[in-house]
Amino acid sequence: MVLTKELTSRITDFFRFSRQEISGLLVAVIVTGFIFSFRDWGDQTFNFIVGLQNFSLALIIAVVSFFFRLSLQKIAALSWGYTAEFKVWWTGLVIALVVAFVSRGWVPLVLIGMMVSSFMVKQRLGEFRYGFSHSSNALVALWGVIASLIAATLFAVGLHVFPQSYLFGTGLLMNLIMALCALLPLPQLEGLQIYFGSRGQYFSGVVATLLAATLLLTKTTAGLLITIILGSLIGIVFLLKRSGQ
């Protein structure tokens with residue numbers, strides 16, 4: 001990790017989304033929005049207006065969630081001397097669509113792809129083992145899971161204040177499923193990067209995601225508070241460990 005001033009400079013110089021990333025994300029957003037609004041086109045009968053409203057809200061949730069997740073990953077990558085680029089998994093999007101149709105929307109999946117890190121020669125000078133680090137790459141991938149859990153917690157806070165909100169309820173579910181799907185050990189997803197980079201980080205990510213999902217889906221004040229407290233404690237430990245390096 002680098003000092004805040006250096007990280008700020010790297011973000012200014014290198015933080016951006018390419019046209020290829022944006023085009024892939026647009027398709028991923030539309031597919032994900034459709035999947036998560038699949039069952040919300042009316043209660044008993046089909047209602048185009050209601051369905052279009054819910055689809056639009058799902059699109060907004062997907063845009064915010066994806067941008068937040070990928071942005072944190074790009075920033076984390078820059079802090080370790082890498083550039084991170086999003087690679088859409090076209091087959092995964094098709095699989096998610098097929099599963100949504102077969103299950104009639106009961107099994108929503110987020111199989112959008114992964115971040116691919118590239119070695120930055122000058123920015124890695126002075127770093128331990130200088131060259132490409134699988135453990136650092138695993139941390140970049142893990143930050144995607146962390147970002148989804150943070151977003152899920154924020155949506156859970158909104159849902160606690162507005163219990164009937166479609167926006168916050170769908171946002172909570174989407175981000176939890178995104179975190180779980182990202183941990184699948186498949187070559188086109190980040191779970192495999194985390195697994196081979198650090199077994200400890202992989203299983204810690206699985207446990208943290210399952211625990212957060214269990215607590216947040218109770219939709220209780222206690223579950224929300226426990227999630228926030230545990231997340232804050234883990235964040236403090238991470239910052240203290242970083243400052244001691």
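Of all the listed residues (Ile61, Ile35, Ile49), the sole one being free of Cβ contacts under 8 Å to residues at least 60 places away in the same chain and part of a helix (DSSP H, G or I) is Ile49.
Quick one: would you say Thr83 is part of a strand (DSSP E or B), surrounded by 16 or more Cβ atoms within 10 Å (Cβ to Cβ) and within 19 Å of the chain's Cα centre (by Cα)? Here the answer is yes, as Thr83 does meet what is asked. Quick check on Arg10: is it basic (Lys, Arg) and touching a residue at least 60 places away in the same chain (Cβ under 8 Å)? The answer is yes for Arg10.
From the list Arg16, Arg69, which one is among the basic types (Lys, Arg) and in a loop (DSSP other than H, G, I, E, B)?
It is Arg16.
Does Ala96 satisfy the criteria of being among the hydrophobic types (A, V, I, L, M, F, W, C), touching a Pro at 6+ places or on another chain (Cβ under 9 Å) and touching a residue at least 40 places away in the same chain (Cβ under 8 Å)? Yes; evaluated as a whole, the condition is true for this residue.
The rows are residues; the columns are (1) surrounded by 15 or more Cβ atoms within 10 Å (Cβ to Cβ); (2) among the charged types (D, E, K, R).
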{"residue": "Lys5", "(1), (2)": "no, yes"}
{"residue": "Thr8", "(1), (2)": "no, no"}
{"residue": "Leu26", "(1), (2)": "no, no"}
{"residue": "Val29", "(1), (2)": "yes, no"}
{"residue": "Thr32", "(1), (2)": "yes, no"}
{"residue": "Phe36", "(1), (2)": "yes, no"}
{"residue": "Asp40", "(1), (2)": "yes, yes"}
{"residue": "Asn47", "(1), (2)": "no, no"}
{"residue": "Gly51", "(1), (2)": "yes, no"}
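So is Thr209 of a type outside the set (Gly, Ala, Ser) and not in a helix (DSSP H, G or I) or not? Against the criterion (of a type outside the set (Gly, Ala, Ser) and not in a helix (DSSP H, G or I)), Thr209 does not qualify. Can you tell me how many residues in segment 86-113 are of a type outside the set (A, V, I, L, M, F, W, C), touching a helix residue (DSSP H, G or I) at 6+ places or on another chain (Cβ under 8 Å) and assigned to a loop (DSSP other than H, G, I, E, B)? Selection size over segment 86-113: 2. Within segment 47-72, the set of residues being within 9 Å of the chain's Cα centre (by Cα) and polar (S, T, N, Q) comprises Ser65 only. Looking across segment 53-68, the residues that are surrounded by fewer than 20 Cβ atoms within 10 Å (Cβ to Cβ) and either among the aromatic types (Phe, Trp, Tyr) or over 22 Å from Ala179 (Cβ atoms) (or both) come down to Gln53, Phe55, Ser56, Phe67, Phe68.
Against the list (1) over 30 Å from Gly51 (Cα atoms); (2) part of a helix (DSSP H, G or I); (3) in contact (Cβ under 8 Å) with a residue 12 or more places away in the chain, the condition Ser232 fails is (3). Given the criteria assigned to a loop (DSSP other than H, G, I, E, B) and not small (Gly, Ala, Ser), does Gln188 qualify? So Gln188 passes the test.
Every number here is computed from the coordinates shown, using simple stated rules; none is lab data. This is a predicted model, so every value here is computed, not measured. Don't worry about glycine lacking a Cβ; one is built from the backbone with ideal geometry, like all the others, and counts go over all protein chains shown.
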